[in-house]
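Encoded as structure tokens, the structure appears first; notes follow it.
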Amino acid sequence: MADEFDVVVLGGGFGGYTAAIRASQLGLRAALVESSKLGGTCLHLGCIPTKALLESSALYHRLHDRGAEFGIRAEGVTFDFERIARRRDGIVDQLWRGVQGLMRKNRIEVVQACGQLAGPGAIRAGERTLRAPAVIIATGSEPRSLPGIEFDGQRIVSSDHAVLANRLPASVVIVGAGAVGVEFATFYRQMGSRVTLLEALDRLVPLEDEEVSQLLLQSFRRAGIECRVEARVKGARVGDNGVTVELEDAQLEAEQLLVAVGRAPRSSGIGLEEAGVATDRQGFVQVDGWMRTTVPGIWAVGDVAGGFLLAHAAAHEGITAAEDIAGHRVQPVEQNLVTRCTFSSPEIGSVGLTETQARARGHRVKVGRFPLQAIGKALIHGEPAGFAKLVADEETGQLLGAHVVGVQATELIAEPALARLFQGDAWEVGRNIHPHPTMSEVIGEAALAVDGAAINV
Ligand SMILES: Cc1cc2nc3c(=O)[nH]c(=O)nc-3n(C[C@H](O)[C@H](O)[C@H](O)COP(=O)(O)OP(=O)(O)OC[C@H]3O[C@@H](n4cnc5c(N)ncnc54)[C@H](O)[C@@H]3O)c2cc1C
């Protein structure tokens, strides 16, 4: 009887442990199987340690390169990478203990083992077989490389290696200008490394609005990051002192190559095929809006189920799956309501459709833009580069998408995201009374600009 539950979750990352907590809150007996550490990629190799590193690099860059601008005389500013790494690890450790406490508080049985589906309603975890009428797959994803380029953890690294490194490369080539690539480019450059960023498509952050990509490119070039778009990497050779990266038309030398070309779902070898769970061509588990797979009794959430590979999306999907299992009538997950965040400098926050996507879907659109240059708080921060751009339906005024690039963009995007959840109009966002002087004013002004009514331009 001890191994009978209402829900068994496979994978204890942000998606999995959130699902387990919500299930337990709803009165379900939940077990969670985790092969490594509770908290998963986000806590140990992703969101948290990278942002801890970026906090140190931003502070160092401000004092070392920009102190005089703020009237601060800070001569001989240096860094101690060991302490930066220790701070990173300390934050991760504190949060990890917090997640373990949450499991105890919510009476979730955590089984430390590599698990797999073993027939309907069963997960084999080491010696044990855990049975439940509902199973949630939350096994996450892992870094992909390019054909012919293998990670060695020293010269050719993935984000997993880079985030845990205890020393800094003097020079680095980064392949892939998605969120992970541009965040590491920011970090290394702020710390003083020589950075070359390569992107196969024709712009940085290709999933974002085109104008956001343009601004990021300008900012990165100004910061001294060498950016090459439409750059196709053919191979990489490791030598005694570094790595040679071969492009179609050039060779680049650097101490390290960071490959950040995306992630692959951890969906093979866990019994999905045998259970008849359908996956797409890339291996992501196919789910509906309630995170139900093609097999009754099996749900999948987080990175393994595709969509936006973001921690808050994983957690939201976990909550949705748990509520669906508990029999609640719950709204399906809508990818268009997921906020996207990139912690580069400048930051990027976005939600909903880009202008191009909105037009492609047949909307006649009106667009409001407002530059950070006209926002007092942005000048006070010393960060006038950037803008907010709101895309609305011309006829109804409904907010279709919001795009912010600049300092604190990842915080600012929460407001238009809420407006979209409420199916709000751009006009309503403009009527919200934004505190002054704050960065949030840029959202209010961009919303007013949708109808040509921005005040401070
Ligand atoms: C460098 C980097 C930076 C990122 N920064 C951000 C950010 O700032 N904001 C953001 O929203 N997202 C960020 N992400 C993405 C975020 O980390 C993921 O979207 C999130 O971790 C997905 O959560 P998950 O629960 O689906 O999977 P994971 O966090 O990957 O968790 C899956 C868990 O399942 C376990 N597992 C796998 N297979 C088995 C098995 N067979 N048996 C038992 N356990 C198993 C794994 O050990 C792991 O703990 C970042 C990612 C990276 C790589």
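The values are calculated or read from the model by the stated rules, or taken from the named source; none is laboratory data. From a predicted model like this one, the values you see are computed outputs, not experimental measurements. For neighbour counting, all protein chains shown are included, and Cβ atoms are generated from backbone atoms with ideal geometry for every residue, glycine included. In case anyone asks, the SASA skips ligands and DNA or RNA and just uses the protein heavy atoms, side chains included. Shrake-Rupley method; radii C 1.70, N 1.55, O 1.52, S 1.80 Å.
Could you order R281, R189 so the one with the most accessible surface comes first? Probe is 1.4 Å. If you can, show how the numbers build up before the last one.
On the way: R281 240, R189 75 Å².
Accessible-area ranking of R281, R189, largest first: R281, R189.
Restricting to the chain, what percent of DSSP beta bridges are antiparallel, rounded to 5? Working shown, then result.
Working: 44 of 76 bridges.
Antiparallel bridges: around 60 percent, rounded to the nearest 5.
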Next item on the list: Please work out the Cα center distance from segment 363-399 to segment 35-93, rounded to the nearest Å.
Entry: 30 Å
Note to self: Skipping prolines and chain starts, which residues have an amide H placed within reach, meaning under 5 Å, of the one on A254, given they are 5 or more residues away or on another chain?
What the structure shows: V243, V245
Check: In whole percent, how big is the carbon plus sulfur part of the accessible area of segment 346-449, probe 1.4 Å, protein atoms only?
Finding: 52 percent
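Out of every Cα pair in segment 346-449, what percent are spaced more than 23 Å from each other? The partial results should precede the final answer.
Details: 995 of 5356 pairs.
Value for segment 346-449: 19 percent of Cα pairs lie more than 23 Å apart.
Taking the Cβ of L272 as the center, what net charge do the other residues with Cβ under 15 Å away carry, scoring Lys and Arg +1 and Asp and Glu -1? Walk me through the intermediate numbers first.
Numbers: positive: R124, R266, R281, R292; negative: E273, E274, D280, D303.
Residues near L272 contribute 0 overall.
Heavy-atom accessible area per residue, segment 296-416, 1.4 Å probe: how many Å²?
Numbers: 4690 Å² over 121 residues.
Accessible surface, normalised per residue, equals 39 Å².
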Next item on the list: Answer rounded, prolate or oblate for segment 45-148, using the Cα gyration tensor with square roots of eigenvalues a ≥ b ≥ c: rounded when a/c is under 1.5, else prolate when a/b is larger than b/c, else oblate.
Entry: prolate
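First check a/c for the chain, with a ≥ b ≥ c the square roots of the eigenvalues of its C-alpha gyration tensor; if it is under 1.5, answer rounded, and if not, answer prolate when a/b is larger than b/c or oblate otherwise. Please report the intermediate quantities before stating the final value.
Details: a/c = 1.71, a/b = 1.23, b/c = 1.40.
The shape class here is oblate.
Assuming 0.36 nm per residue, please report the length gained on full extension of the stretch E274 to D152 beyond their Cα-Cα distance.
Values: separation 122, 0.36 × 122 = 43.92 nm, distance 3.27 nm.
Length difference between fully extended and current span is 40.6 nm.
Which percent, to the nearest 5, of DSSP beta bridges fully inside segment 156-261 are antiparallel?
Values: 9 of 24 bridges.
The antiparallel fraction comes to roughly 40 percent.
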Check: Which value, in Å², gives the accessible area per residue of segment 156-261 when a 1.4 Å probe is used on the protein heavy atoms?
Finding: 42 Å²
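Please report how many Lys pairs in the chain have alpha carbons closer than 26 angstrom, counting only residues at least 8 apart along the chain or sitting on separate chains. Don't jump to the answer; show the numbers that get you there.
Working: K37/K51; K37/K105; K51/K377; K51/K389; K366/K389; K377/K389.
Number of lysine pairs found: 6.
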Check: Carbon-plus-sulfur fraction of the accessible area of segment 156-261, 1.4 Å probe, in percent?
Finding: 46 percent
Next item on the list: Please turn the phi angles of segment 356-370 into ³J(HN,Hα) values with the Karplus equation 6.51 cos²θ - 1.76 cosθ + 1.60 (θ = phi - 60°), one per residue in order, whole Hz, x for glycine and proline.
Entry: 4, 5, 4, 5, 4, 8, x, 7, 8, 10, 10, 10, x, 10, 9
Next item on the list: Find how many whole Å separate the alpha carbon centroid of segment 318-361 from the alpha carbon centroid of segment 156-186.
Entry: 26 Å
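Counting alpha carbon pairs within less than 8 Å and at least 6 residues apart, what relative contact order, in whole percent, applies to the chain? Could you put the intermediate results ahead of the total?
Values: 1029 pairs, mean separation 64.9, N = 457.
Once normalised by length, the contact order is 14 percent.
Compute, for the chain, the length of the dipole vector about the Cα centre, with Cβ point charges of +1 (Lys, Arg) and -1 (Asp, Glu) only. Units Debye, rounded to 20. Don't jump to the answer; show the numbers that get you there.
Values: 45 positive and 55 negative charges, 157 e Å.
The dipole magnitude comes to about 760 debye.
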Notebook entry, point to check: Local charge sum around C341 (other residues, Cβ-Cβ under 12 Å, Lys/Arg +1, Asp/Glu -1)?
Noted result: -2
